[in-house]
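The values are calculated or read from the model by the stated rules, or taken from the named source; none is laboratory data. Quantities reported herein were computed from a predicted structural model and do not represent experimental measurements. Cβ placement follows ideal geometry from the backbone for every residue including glycine, while neighbour counts extend to all protein chains displayed. Just the protein is used for accessible areas: all its heavy atoms, side chains included, with ligands, DNA and RNA removed. Shrake-Rupley method; radii C 1.70, N 1.55, O 1.52, S 1.80 Å.
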Amino acid sequence: MGLYINKGIALFLCVEILIYIVISNIRKTKRYVNLIINKKILTIFLIAQITSGIIVIQKENKFNTAYNNVKEVEAIVKIETAGIQKENSTEYIIKILKCDKYAKIEKTKLKMSYSQGEKIETGDILQIQGEYEQINSYKNKGVFDYEKYLKKDNIYGKIRVNKSTIKRKSKSKIRVSEKIKEKFKDNFDVQTANYFITIILGDKTELDKQIKENFQNGGISHLLAISGMHINCIILIITYIVNKTVNSYKIRKLFTISILIIYGSIIEFSPSATRAIIMAIMHLTALLLLEKDNFLVNISVSSFIVLIINPYYLVDTGFLLSFTATISIVYVYKKIRREVSQNKIIQMIADSLILTMSANILIAPIVICLFKKVSLSMIIMGIIISPFIFIIEVMGISIIVIPKFILKFLKVPIEIFISIFNFLSSINFLTIYFKVPNIVQIILYYTIIIKFLFKPKRKIINKILTSIIVISL
């Protein structure tokens, strides 16, 4: 698999370099450069692609060779995550700190099945002995590739521990996210607490499996991921507070940026959250320094930073849906928005409907590739659920700072509200199942969108798009 990926990346980079040389040097094509992209930006983009390609090749080579001929592992490891209870054991993510026999596996991560009697926690250092197992994925086309999914978290396989010794207990470091979780769990029932933990902290590990399936079947699972909508909610709350308390425009912006960075560190910078936070910080910085903003620059730089940190985020569902939906909302919404009524309420409902449709136009092929189905209820439910998400976000952030004795009076109405939200999220109708589209069909879909929705004014671009449609058909 790695060989094919490496060849594919090498071929892709060679094609990009050839395109760059042609655009930059052939006299006839020079005048078309500005139709596509500025030459300096093209150079930066090419450097970014080459850098990303090299990183992916190196990582892929390590994934394919690090655990060759490794069966028995004896190593010193660190517990990276809290345990998830399975049928006969508890599962942890561990990081190999030292392995005398196989030095090449140091700094890699594994899923550890642990059934020993000793209690272990995040941050503990253990000496373990166990059997390494490779994670095998179904190779059928269109089936979820679990092995590739784990690569984004640098996980190389799994180990079943036969013997372990605790070398050092974790230092009593206060984790803010754990304290927030405890406050939610101590004051609300399990379902309510898990919704708050998911929507505020982005941690879906404890959310009921049926609830996850309800959101997925309804086509609204992206609403549970911390993304632009959630970050915008936080910015609105912060802005409201600082506008009431701080007079200086610059201090207000700097304070908001600081809060976003602190929030990002608490939720450990998930891919979709990182994109949204970087974009928000760039937007606020641009307003602070230049008094203007550029969406395309913001989303390009944020995606570049996220993928340089970990190129395997490219297969992360949250990353793909978050970036594509944001681009779709910004560019498609203004193309299809219409004034339908002078009545503000009717216009607001129409705008919400158009906004939801805008978000789904560009992500439709991705949703089909990932889930093999599209629920038409997601358009209607997206409109209904989104305000609930905003209210839960406001409530969750408020609960963090509200004293415990006040929460006693709010517990019942909050739990009733969450129950209504849970019922609405389970509504699903008119689900259409699709065969996974091939690359030609995907290219055809996006080409038609560009040609007939965006309607490029340049004749040369229209000719190119028409040619692609004809060839694809």
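The requirement of being among the aliphatic types (A, V, I, L, M) and over 28 Å from residue 436 (Cβ atoms) is satisfied by residue 340. Does the range 168-189 contain any residue that is touching a helix residue (DSSP H, G or I) at 6+ places or on another chain (Cβ under 9 Å), under 24 Å from residue 325 (Cβ atoms) and touching a residue at least 40 places away in the same chain (Cβ under 8 Å)? Checking the range 168-189: not a single residue is touching a helix residue (DSSP H, G or I) at 6+ places or on another chain (Cβ under 9 Å), under 24 Å from residue 325 (Cβ atoms) and touching a residue at least 40 places away in the same chain (Cβ under 8 Å). Annotation note: of 237, 251, the sole residue that is touching a residue at least 60 places away in the same chain (Cβ under 8 Å), open to solvent by 30 Å² or more (accessible area, probe 1.4 Å), β-branched (Val, Ile, Thr) and farther than 30 Å from residue 91 by Cβ is 237.
Going by the conditions given, is residue 275 open to solvent by 40 Å² or more (accessible area, probe 1.4 Å) and either without any contact (Cβ under 8 Å) to a residue 60 or more places away in the chain or among the aliphatic types (A, V, I, L, M) (or both)? When the stated conditions are applied, residue 275 does not pass them.
Please determine whether any residue of the range 209-231 is within 18 Å of the chain's Cα centre (by Cα), hydroxyl-bearing (Ser, Thr, Tyr) and assigned to a loop (DSSP other than H, G, I, E, B). Checking the range 209-231: at least one residue is within 18 Å of the chain's Cα centre (by Cα), hydroxyl-bearing (Ser, Thr, Tyr) and assigned to a loop (DSSP other than H, G, I, E, B). Summed over the range 190-202, residues that are open to solvent by 30 Å² or more (accessible area, probe 1.4 Å) and either touching a residue at least 40 places away in the same chain (Cβ under 8 Å) or in contact with a Lys or Arg (Cβ under 6 Å, 6 or more places away or on another chain) (or both) total 2.
Quick check, is residue 327 free of Cβ contacts under 8 Å to residues at least 60 places away in the same chain, closer than 30 Å to residue 150 by Cβ and open to solvent by 30 Å² or more (accessible area, probe 1.4 Å)? Yes.
If you filter the range 161-188 down to residues that are farther than 20 Å from residue 403 by Cβ, at pLDDT 85 or above and not hydroxyl-bearing (Ser, Thr, Tyr), you find that the one that is surrounded by the most Cβ atoms within 10 Å (Cβ to Cβ) is 161. Selection of the range 382-401 for residues being within 24 Å of residue 334 (Cβ to Cβ) and open to solvent by less than 30 Å² (accessible area, probe 1.4 Å) yields 382, 385, 389. Just to be sure before I move on: is residue 384 farther than 26 Å from residue 351 by Cα, in a helix (DSSP H, G or I) and within 23 Å of the chain's Cα centre (by Cα) in the structure I sent? So residue 384 does not fit the description; no.
Listed here are the residues, each with its yes/no results for (1) at pLDDT 75 or above; (2) of a type in the set (Ser, Thr, Tyr).
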position	(1), (2)
305	yes, no
317	no, yes
329	yes, no
333	yes, yes
336	yes, no
339	no, no
346	yes, no
350	yes, no
353	yes, no
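Residue 406: at pLDDT below 85, part of a helix (DSSP H, G or I) and of a type outside the set (Ser, Thr, Tyr), yes or no? Considered against the rule, which asks whether it is at pLDDT below 85, part of a helix (DSSP H, G or I) and of a type outside the set (Ser, Thr, Tyr), residue 406 comes out as yes.
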